[in-house]
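Remarks on the structure that follows.
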Amino acid sequence: MGENKNYHLYQILHFADSAFPIGGFAYSNGMEYAVKSQLINTVEELRQYLKSYIDQMYAFDLAFVKQACTVTTFEELELLSNDYNIMLLNPALKKAGVVLGKNWLSILVNLYDVPHLDWYKKIDTDFHVVFAASLGSLGFSAQEICELFVFMNVRDQLSVVVRLGTLGPTKSHQLQKELLNYVTNNYDMSSIPEVKNACKNAYLLELCQLSHQYLYTKLFQN
């Protein structure tokens, strides 16, 4: 029993590894723009920016992730995909999300026998939806999937500031620990709204995400 639990943990750690080749580094949700345009100049400003990013994830993104974890029919998946398309008005995020979703499925099917693989050929491969639905079909819990989604997004944001030389690796890991504590102290699964109540309210994040491609167009080609 202990071995099975360890193997399950190793699977999660495998997905959480920044070397897992889905191309997440190709789009960082506007962090490059936020740094290069001097919206972020200090560690404190970075901390507050990332807390706002986490707040936004719990108010909007995780609503779709949580629901996608539990879909059992193609009709449910298609409806959720359509709802996401309707509510996502940011073309930069849409383009990046579809690329990441395709990459995610391409890698995952080489590692596991993914149930209902034909479903994903009939919908837009938005990362939020296919990431959660595919892991849910493989037996991972909604809590594990949502926590993994948050961890990956925080990690990728901090990887950008290290890559740009804005923050050193040690300070980055200290900040990551602090932000994960922020999540633990302020959020749980009950904090995630239903899709019908999902909303966006961090308009500066939207501005950075929309403007990102004008600084780093080449990243979208990965």
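The values are calculated or read from the model by the stated rules, or taken from the named source; none is laboratory data. Remember, predicted model here, so these are calculated numbers, not experimental data. Cβ atoms come from the backbone with ideal geometry, glycine included; neighbour counts cover every protein chain shown. Ligands, DNA and RNA are excluded from the accessible area calculation, which covers all protein heavy atoms including side chains. Shrake-Rupley method; radii C 1.70, N 1.55, O 1.52, S 1.80 Å.
Observations, loosely collected:
- Selection count where residues are open to solvent by less than 10 Å² (accessible area, probe 1.4 Å) and at positive phi, scope the range 147-172: 0
- Any hit, the range 176-190, residues being out of contact with any Leu (no Cβ under 6 Å at 6 or more places or on another chain), of a type in the set (D, E, K, R) and within 18 Å of Gly30 (Cβ to Cβ): no
- Considering the conditions (1) at pLDDT below 95; (2) not in a helix (DSSP H, G or I), Ser172 is excluded by exactly one of them, (2).
- Applying the set (1) within 24 Å of Trp104 (Cβ to Cβ); (2) open to solvent by less than 50 Å² (accessible area, probe 1.4 Å) to Leu175 leaves exactly one unmet item: (1).
- Filtered by the rule that a residue be free of Cβ contacts under 8 Å to residues at least 24 places away in the same chain and of a type in the set (Asp, Glu), the range 105-146 gives Asp113, Asp118.
- Selection status of Tyr27, aromatic (Phe, Trp, Tyr), within 16 Å of Gly101 (Cα to Cα) and modelled with pLDDT under 85: yes
- All positions within the range 178-211 that are assigned to a helix (DSSP H, G or I), within 28 Å of Ser81 (Cβ to Cβ), open to solvent by 40 Å² or more (accessible area, probe 1.4 Å) and not hydroxyl-bearing (Ser, Thr, Tyr): Met189, Lys196, Asn197, Leu204, Glu206, Leu207, Leu210
- A single member of Val98, Val114 is part of a helix (DSSP H, G or I) and farther than 17 Å from Glu206 by Cβ, and it is Val98.
Okay, residues lined up against (1) farther than 30 Å from Leu175 by Cβ; (2) open to solvent by less than 60 Å² (accessible area, probe 1.4 Å); (3) charged (D, E, K, R):
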{"position": "Gly30", "(1), (2), (3)": "no, yes, no"}
{"position": "Ser37", "(1), (2), (3)": "no, yes, no"}
{"position": "Phe60", "(1), (2), (3)": "no, yes, no"}
{"position": "Glu78", "(1), (2), (3)": "yes, no, yes"}
{"position": "Asn85", "(1), (2), (3)": "yes, yes, no"}
{"position": "Pro115", "(1), (2), (3)": "yes, yes, no"}
{"position": "Ile123", "(1), (2), (3)": "yes, yes, no"}
